[in-house]
Amino acid sequence: MLPGHIAGLYSYDECHINLQKLSNFAQANLYLDHVIGLDLQQRKVLCANRPAIEFDLLSIDIGSIPAQSSIVGAAEYAIAAKPVAKLLEHWYEIQKKIVANPQAPLGISIIGGGAGGVELALSMQANLHLQGVKNSEIHLWQRTQQLLPNYHSSVGKLMEKILINKHIKLHLGENVTTISPANHKMLAISCQSGLKIESDQVFCVTQASAPAWLKTTGLATDDQGFILVDDCLRSVNCPYIFAAGDISKMINYSLPKAGVFAVRQGQPLWKNLCRTVFGQPLKPYKPQKTYLSLIGTGDKRAIANKGKFTLPPSKLIWDWKDWIDRRFMAQFV
């Protein structure tokens, strides 16, 4: 629902889960802090601004962050898609500037042509159109020649046509290497090919990566830093630690970093945590081989894809997606 909020289709409250309210309901303690490490021997979570928290069982479900290390200057000058609060902070600032001076030129670059980058580009374009902003340009950068490379090729081809029709400037096959300051508070995006374009704001929606602190914990991780787990979502080297969603890497399955798997892993994760507490045998989670993707186009339409089957954008598919999203959020009201 985040792209829908950026497009102006949802309010903040409609797509935001109130963690304090949820914690109160679950009779859980909520700590707002940055985790900086783990002490596996003492079974403690190490925090940046508060004393360490002891645990008997630990479930790590922190998602992922966009990989920026391969782009010089990305950490300093680009806005990562996660954490979402930071993304929205910068987007709201853009909105204020538009209200103050709607005629001012505006250039936005989005690095990453996966589902997240595509939806972000379409949502921003829809919002700018809604506000009557005419002197704007949105650039979408993708290092491969095809958009949405983790999907069937039909999805990328269809989305390319949609983006072109929405006047979003595509830079396919362009490997962004550097983001640097330019004149008049602009940012320069430089590519391996020699292409260089300036924008007011740069957003990074690149492939998923894990926070660096995980590699220092002693937990078994893959080369990218994701926690290695077995079929029961349990760490392969720490039986009292579990992980699910983007931050985990199942050793017996090759799963894309998609929200559908994080949602589906929730119930088996909870059940295996309970089984561990009561000393019962754990039960394996078996991920689905194909999954449904509903990708919004920013204009109350969406495309649908499952495996090789793709449906073009329609209002009906958007209504279906909207119903699924609202039903999910209603659990936390």
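The values are calculated or read from the model by the stated rules, or taken from the named source; none is laboratory data. All of these numbers come straight from a predicted model, not from anything done at the bench. Cβ coordinates were reconstructed from backbone atoms using ideal geometry, including for glycine residues, and neighbour counts include every protein chain displayed.
Could you tell me which of the residues Pro83, Pro51 is closer than 30 Å to Lys215 by Cα and not assigned by TED's automatic domain parsing to the domain that holds Leu170?
Working: Pro83 fails: not assigned by TED's automatic domain parsing to the domain that holds Leu170.
Every option except Pro51 fails the conditions.
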Scan (1) of a type in the set (Lys, Arg); (2) more than 16 Å from the chain's Cα centre (by Cα); (3) assigned to a loop (DSSP other than H, G, I, E, B) for the single condition Lys215 breaks and write down its number. (3)
The condition of being surrounded by 19 or more Cβ atoms within 10 Å (Cβ to Cβ) and touching a Pro at 6+ places or on another chain (Cβ under 9 Å) holds, among Gly298, Gly245, only for Gly298
Subset of region 232-257 [out of contact with any strand residue (DSSP E or B) (no Cβ under 7 Å at 6 or more places or on another chain) and without any contact (Cβ under 8 Å) to a residue 60 or more places away in the chain]: Cys232, Asn237, Pro239, Asn252, Tyr253, Ser254, Leu255
Scanning region 57-105 residue by residue, those touching a Ser or Thr at 6+ places or on another chain (Cβ under 7 Å) and aliphatic (A, V, I, L, M) turn out to be Leu57, Ile65, Ala67, Ile71, Val72
Please pick out the residue among Arg234, Arg264, Arg301 that is under 23 Å from Gly37 (Cα atoms), basic (Lys, Arg) and out of contact with any Cys (no Cβ under 9 Å at 6 or more places or on another chain). Arg234
Taking the stated definitions as given, is Asp325 assigned to a loop (DSSP other than H, G, I, E, B) and either over 24 Å from Tyr151 (Cα atoms) or outside the structural domain of Asp56 (by TED's automatic domain parsing) (or both)? no
Out of (1) out of contact with any strand residue (DSSP E or B) (no Cβ under 7 Å at 6 or more places or on another chain); (2) surrounded by 12 or more Cβ atoms within 10 Å (Cβ to Cβ), the odd one out for Arg43 is which? (1)
Within region 107-131, tally of residues that are buried (at least 20 other Cβ atoms within 10 Å of the Cβ) and closer than 17 Å to Ile189 by Cα: 8
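Answer yes if at least one residue in region 63-74 is surrounded by fewer than 11 Cβ atoms within 10 Å (Cβ to Cβ) and over 29 Å from Phe332 (Cα atoms), and no otherwise.
Residues of region 63-74 that are surrounded by fewer than 11 Cβ atoms within 10 Å (Cβ to Cβ), as a first pass: 69.
Still in the running and over 29 Å from Phe332 (Cα atoms): 69.
The answer is yes, given that some residue of region 63-74 is surrounded by fewer than 11 Cβ atoms within 10 Å (Cβ to Cβ) and over 29 Å from Phe332 (Cα atoms).
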